[in-house]
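Undergrad: Supplied in structure tokens, the structure appears directly below.
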Amino acid sequence: MIRLQKAIADAGFTSRRKAEDLIRQGRVFVNDKRADLGDKVSIGDNVYIDGKKINTDADNEIKILIYNKPLGEESTKAPNTKKTVFDNLPKLKVGRWIALGRLDINTTGLLLFCNNGNLADKIIHPRNNLDREYLARIRGKPKRKELDKLLAGIKIEGNLLKFTDIVKGRETTSHTWFAMVIKEGKNRAVRKLWNSMGYEVSRLKRVRLGPIFLPPNLKAGEFRYLENKEFQKLVKDF
């Protein structure tokens, strides 16, 4: 027997923490009984969420895929959203794809998705301090002292944000390219850091999350499953 919230997460329905919220809200039933937090389930039990049965008995092979997000796609299925990153992903017979972090509509590049809510929640948890590496085209020519401030940290909206590494790349008459690493998964953190120094980010692309790099041959809008060695690198601590 396993705890109900873990069974729901393992089925890919949602994360374990969100499953606990659903149980507290009285939206989960096991067989014909409203579930309580702490309930356990075993093979043969029927689990319902909002009246819909979820398959917790299936042999759910854990899968993680990498997706190259194009410009203009949303990372969430919000109401009235026209185009989302989920539209190009393969259909699952059981459960759903859960994004390991998000990218805003104007940011391109690497996104990871997992069909196991419990594992997805563990990987992306803030305590893991996953590196997030980006390439950015900055309007202007930042000075060394400004880059040092970005590395030291700047308090923005109550949060201390900083890059852990910045490498200057190609420079044109009006723009400068940078590669940078940040551990914060806060919404638009990279853009906010550059904006705090008075610079506009005209292009932004994520190229790495933890040990996983965006494959150079993966075109925008395409996906592929992680190879076994990549999968093991990502999940080795979980």
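The values are calculated or read from the model by the stated rules, or taken from the named source; none is laboratory data. Please read these numbers as outputs of a predicted model, since none were measured by experiment. Backbone-built Cβ (ideal geometry, glycine too); neighbour counts: all protein chains shown.
Undergrad: Which one is farthest from LEU161 (Cα to Cα) among residues in segment 193-233 that are in a helix (DSSP H, G or I) and out of contact with any strand residue (DSSP E or B) (no Cβ under 8 Å at 6 or more places or on another chain)?
TA: Here the residue is ASN228.
Undergrad: Among (1) surrounded by 13 or more Cβ atoms within 10 Å (Cβ to Cβ); (2) at pLDDT 90 or above, there is one condition GLY95 misses while meeting the rest; what is its number?
TA: All conditions pass for GLY95, except number (2).
Undergrad: Please indicate, with yes or no, whether at least one residue in segment 101-119 is at pLDDT below 90, small (Gly, Ala, Ser) and within 12 Å of the chain's Cα centre (by Cα).
TA: Scanning segment 101-119 turns up at least one residue that is at pLDDT below 90, small (Gly, Ala, Ser) and within 12 Å of the chain's Cα centre (by Cα).
Undergrad: A further question follows. For segment 74-83, which positions are of a type outside the set (A, V, I, L, M, F, W, C), under 23 Å from LYS18 (Cα atoms) and surrounded by fewer than 16 Cβ atoms within 10 Å (Cβ to Cβ)?
TA: THR76, LYS77, PRO79, THR81
Undergrad: Filtering segment 165-195 down to residues that are of a type in the set (S, T, N, Q) and farther than 19 Å from LEU103 by Cβ, which residue is nearest to the chain's Cα centre (by Cα)?
TA: Restricting to residues being of a type in the set (S, T, N, Q) and farther than 19 Å from LEU103 by Cβ, the top hit is THR176.
Undergrad: What number of residues within segment 116-147 satisfy the criterion of being part of a helix (DSSP H, G or I) and under 15 Å from ASN195 (Cα atoms)?
TA: 2
Undergrad: Does segment 165-186 contain any residue that is surrounded by 13 or more Cβ atoms within 10 Å (Cβ to Cβ) and in contact (Cβ under 8 Å) with a residue 60 or more places away in the chain?
TA: Checked segment 165-186: at least one residue is surrounded by 13 or more Cβ atoms within 10 Å (Cβ to Cβ) and in contact (Cβ under 8 Å) with a residue 60 or more places away in the chain.
Undergrad: Scan segment 219-238 for residues that are in contact (Cβ under 8 Å) with a residue 12 or more places away in the chain and over 18 Å from the mean Cα position of the chain (by Cα) and jot them down.
TA: Across segment 219-238, the qualifying residue is only LYS219.
Undergrad: A follow-up question, please. Going through LEU135, LEU204, LEU193 one at a time, which residue ends up being touching a Leu at 6+ places or on another chain (Cβ under 6 Å) and either in the same structural domain as ARG102 (by TED's automatic domain parsing) or touching a residue at least 24 places away in the same chain (Cβ under 8 Å) (or both)?
TA: LEU193
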